[in-house]
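Step one of this worksheet: look at the structure below.
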Amino acid sequence: MGAPDERLAGWQDLLSGGMASMQHKVLERQAGVRSFRAFEPDVVPGLLQVPEYAPACLGQGELTAGSMDDLGAAVQVRMERQEILHHEDKQFHFVLTEASLLYRWCSPSGMLAQLKRLASSIDLPNVRLGVIGFGTTYRTGPWHGFWIFDEGSVAIETYSAELNLTEPHEIALYGKVFDSLAGIASYGEAARQIIQRTIDDLSAEVDEDHPTR
């Protein structure tokens, strides 16, 4: 097993060159990955984020790295990274909780754009998007988000650092956890209906804030 300092990369170090630089490094690191599996209980995955939503997520780096002068550039790189969603040699499987659709990371209108982007992502040929509805009985707790890259590593973000797991037994365990969560998620039109419920509720709120004159 790797030493603790090999498995943990502190955000202050990761962001020392700036947020945009880190996003470029992520792009390079993931270029060779063919299979992406991600579970997110409270946020939309970065590869599916819209420009209105992404700044609040990326801006969390201010907690550890201080002022984010290149936040705009970092958002642009994150948007550029999303081009890999259209690479035919890559497969993406995202599982979200219904709660992740409700957390307010930006303005109501921005959230509306984000939800519509999620709904449209269901139609991408190499993307599988599952949503675990509130009424679903869990077999495995949704304790934290994680990403599995091929069968080679698992990435987990904490407040202080990024944890990278590479031991085979750890990767296998997270594979089982992902399968358990994916097994209770709704897909296709059922997932779209869950997203659409949130869109409808938010649309009514936006209409109330901006009544037609």
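The values are calculated or read from the model by the stated rules, or taken from the named source; none is laboratory data. As the structure is a prediction and not an experimental result, all values here were calculated from the model. Neighbour counts run over all protein chains shown; Cβ positions are idealised from the backbone, glycine included.
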**OP:** Only one of these is under 16 Å from the mean Cα position of the chain (by Cα) and surrounded by 12 or more Cβ atoms within 10 Å (Cβ to Cβ): Ala161, Ala191, Ala155. Name it.
**Re:** Ala155
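To keep it simple, each residue is scored yes or no on (1) exposed (fewer than 15 other Cβ atoms within 10 Å of the Cβ); (2) over 19 Å from Phe146 (Cβ atoms); (3) at pLDDT 95 or above; (4) of a type outside the set (A, V, I, L, M, F, W, C).
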{"site": "Arg34", "(1), (2), (3), (4)": "yes, no, yes, yes"}
{"site": "Gln49", "(1), (2), (3), (4)": "no, no, yes, yes"}
{"site": "Ala54", "(1), (2), (3), (4)": "no, yes, no, no"}
{"site": "Cys57", "(1), (2), (3), (4)": "no, no, no, no"}
{"site": "Phe92", "(1), (2), (3), (4)": "no, no, yes, no"}
Original post:
Yes or no: Val50 in a loop (DSSP other than H, G, I, E, B) and either hydrophobic (A, V, I, L, M, F, W, C) or without any contact (Cβ under 8 Å) to a residue 40 or more places away in the chain (or both)?
Top reply: yes
Subject >> All positions within the range 147-165 that are among the β-branched types (Val, Ile, Thr) and free of Cβ contacts under 8 Å to residues at least 24 places away in the same chain >> reply: Val154, Ile156, Thr158
Original post:
Can we say His144 is touching a residue at least 60 places away in the same chain (Cβ under 8 Å), outside any helix (DSSP H, G or I) and either exposed (fewer than 14 other Cβ atoms within 10 Å of the Cβ) or more than 16 Å from the chain's Cα centre (by Cα) (or both)?
Top reply: yes
Subject >> Near pairs, Cβ below 6 angstrom, 6+ apart or cross-chain, from the range 67-90 (surrounded by fewer than 17 Cβ atoms within 10 Å (Cβ to Cβ) and among the aliphatic types (A, V, I, L, M)) to any residue that is part of a helix (DSSP H, G or I) and at pLDDT below 95 >> reply: Ala73/Ala20
Subject >> Sole residue being surrounded by 18 or more Cβ atoms within 10 Å (Cβ to Cβ), assigned to a helix (DSSP H, G or I), at pLDDT 95 or above and out of contact with any strand residue (DSSP E or B) (no Cβ under 8 Å at 6 or more places or on another chain), chosen from Leu118, Leu112, Leu181 >> reply: Leu112
Original post:
When residues of the range 18-32 are filtered for being surrounded by 17 or more Cβ atoms within 10 Å (Cβ to Cβ) and either free of Cβ contacts under 8 Å to residues at least 40 places away in the same chain or part of a loop (DSSP other than H, G, I, E, B) (or both), how many remain?
Top reply: 1
Subject >> Failed criterion for Leu15 (all others in (1) within 30 Å of Ala185 (Cβ to Cβ); (2) surrounded by 17 or more Cβ atoms within 10 Å (Cβ to Cβ); (3) not polar (S, T, N, Q) hold) >> reply: (1)
**OP:** May I ask you to list pairs of residues, at least six apart or on different chains, whose Cβ atoms are under 7 Å apart, with the first in the range 181-209 being closer than 13 Å to Leu96 by Cα and among the basic types (Lys, Arg) and the second being in a helix (DSSP H, G or I) and at pLDDT 95 or above?
**Re:** Arg192/Ala119
Subject >> Residue check for Leu101: under 15 Å from Thr198 (Cα atoms), of a type outside the set (Phe, Trp, Tyr), modelled with pLDDT of 95 or more and within 16 Å of the chain's Cα centre (by Cα) >> reply: yes
Original post:
Of the residues Val154, Val131, which single one is closer than 28 Å to Ala113 by Cβ, touching a strand residue (DSSP E or B) at 6+ places or on another chain (Cβ under 6 Å) and not in a helix (DSSP H, G or I)?
Top reply: Val131
